[in-house]
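A single structure is presented below for examination.
The values are calculated or read from the model by the stated rules, or taken from the named source; none is laboratory data. The structure displayed is predicted, hence computed values, not measured ones. With ideal geometry, Cβ positions are generated from the backbone for all residues, glycine too; neighbour counts draw on all protein chains shown.
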Amino acid sequence: MDKMDHQEEEKVDSRQTNVDNEETTNLQEEENNMTEENETSDNVSDELTSLQKKYEELNDTHLRLRAEFDNYRKRTMREKADLIKSGGENALKNLLPIIDDFERALQNVQTAEDIEALKEGINLIHGKFINYLSQQGVKPIEAIGKPFNTEEFEAIATIPAPDPAMKGKILDCVQTGYTLFDKVLRHAKVVVGE
């Protein structure tokens, strides 16, 4: 019996050891799981902090770029307005010498004895003015003898053509038309042959 008791005791001890081992293993696994959860929690916290920092950097960059763009837009609008204003200013400033010439001509009309010299002076002023307009891109529309088209011409009258070849062509120009860089500023008022 002793032997049996002893074997049973060993079995009980063995079972107890197994139970103790299992409990120890379970405790170690729980500790490992808790450590892993803490590490995972730390990793998530670190990642969240990193993402928040990156978000703040990107948001700051976005706000700066937006402010820069607004400033750029305002500056270009201001520069454009200045260009328009100064462009008109320069055009008018360049007309002043021609006005001076007209004023001198008007003063000389009162005392002019030589009509031919007066005509020549007025023709010179006219030529100077046309030259200035040409420098600015303004050119007169050539009309007489050209076929009539509504893009450049405005017919104010039609008369019988003196020659069958002149039908549909411009016989006379009542008011000269002008273009600015190939865009019509004013249509030429013309008489067309029919």
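Report, by residue number, each residue of the range 111-137 that is farther than 18 Å from residue 101 by Cβ and at pLDDT 90 or above.
Across the range 111-137, the qualifying residue is only 137.
Something else about it: Have a look at 94, 108 and point out the one that is among the polar types (S, T, N, Q) and touching a Gly at 6+ places or on another chain (Cβ under 8 Å). Quick ask: steps written out before the conclusion?
Values: 94 fails: touching a Gly at 6+ places or on another chain (Cβ under 8 Å).
Only one candidate qualifies: 108.
Now, a different point. Would you be able to tell me the number of residues in the range 84-96 that are surrounded by fewer than 12 Cβ atoms within 10 Å (Cβ to Cβ) and at pLDDT 85 or above?
Residues meeting the conditions: 2.
Of the residues that sit in the range 145-162 and are of a type in the set (Val, Ile, Thr) and under 16 Å from residue 186 (Cβ atoms), which one is surrounded by the fewest Cβ atoms within 10 Å (Cβ to Cβ)?
Checking each candidate, the answer is 150.
Right, next: For the structure I just gave you, tell me whether residue 111 is surrounded by fewer than 10 Cβ atoms within 10 Å (Cβ to Cβ) and over 22 Å from residue 130 (Cα atoms).
For residue 111, the condition - surrounded by fewer than 10 Cβ atoms within 10 Å (Cβ to Cβ) and over 22 Å from residue 130 (Cα atoms) - is met.
Answer yes or no: is there a residue in the range 163-185 that is touching a helix residue (DSSP H, G or I) at 6+ places or on another chain (Cβ under 8 Å) and surrounded by 13 or more Cβ atoms within 10 Å (Cβ to Cβ). Full working, then the answer.
Step one: list which residues in the range 163-185 are touching a helix residue (DSSP H, G or I) at 6+ places or on another chain (Cβ under 8 Å), which gives 178.
Narrowing further to those that are surrounded by 13 or more Cβ atoms within 10 Å (Cβ to Cβ): 178.
Within the range 163-185 (the criterion being touching a helix residue (DSSP H, G or I) at 6+ places or on another chain (Cβ under 8 Å) and surrounded by 13 or more Cβ atoms within 10 Å (Cβ to Cβ)), the answer is yes, since at least one residue qualifies.
Another one. Scan (1) farther than 18 Å from residue 185 by Cβ; (2) in a loop (DSSP other than H, G, I, E, B); (3) without any contact (Cβ under 8 Å) to a residue 24 or more places away in the chain for the single condition residue 142 breaks and write down its number.
(1)
Residue-wise test of (1) modelled with pLDDT of 95 or more; (2) surrounded by 12 or more Cβ atoms within 10 Å (Cβ to Cβ); (3) among the β-branched types (Val, Ile, Thr); (4) more than 22 Å from residue 180 (Cβ to Cβ).
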position	(1), (2), (3), (4)
46	no, no, no, yes
63	yes, no, no, yes
105	no, yes, no, yes
139	no, yes, no, no
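Then there's this: Given 90, 108, 131, 123, which one is in contact with a helix residue (DSSP H, G or I) (Cβ under 8 Å, 6 or more places away or on another chain) and more than 30 Å from residue 193 (Cα to Cα)? Give the derivation first.
Values: 90 fails: in contact with a helix residue (DSSP H, G or I) (Cβ under 8 Å, 6 or more places away or on another chain); 131 fails: in contact with a helix residue (DSSP H, G or I) (Cβ under 8 Å, 6 or more places away or on another chain); 123 fails: in contact with a helix residue (DSSP H, G or I) (Cβ under 8 Å, 6 or more places away or on another chain).
Going through 90, 108, 131, 123 in turn, just one is in contact with a helix residue (DSSP H, G or I) (Cβ under 8 Å, 6 or more places away or on another chain) and more than 30 Å from residue 193 (Cα to Cα): 108.
Among the residues in the range 155-167, are any within 28 Å of residue 87 (Cα to Cα) and touching a Leu at 6+ places or on another chain (Cβ under 9 Å)?
The answer is no, given that none of the residues of the range 155-167 is within 28 Å of residue 87 (Cα to Cα) and touching a Leu at 6+ places or on another chain (Cβ under 9 Å).
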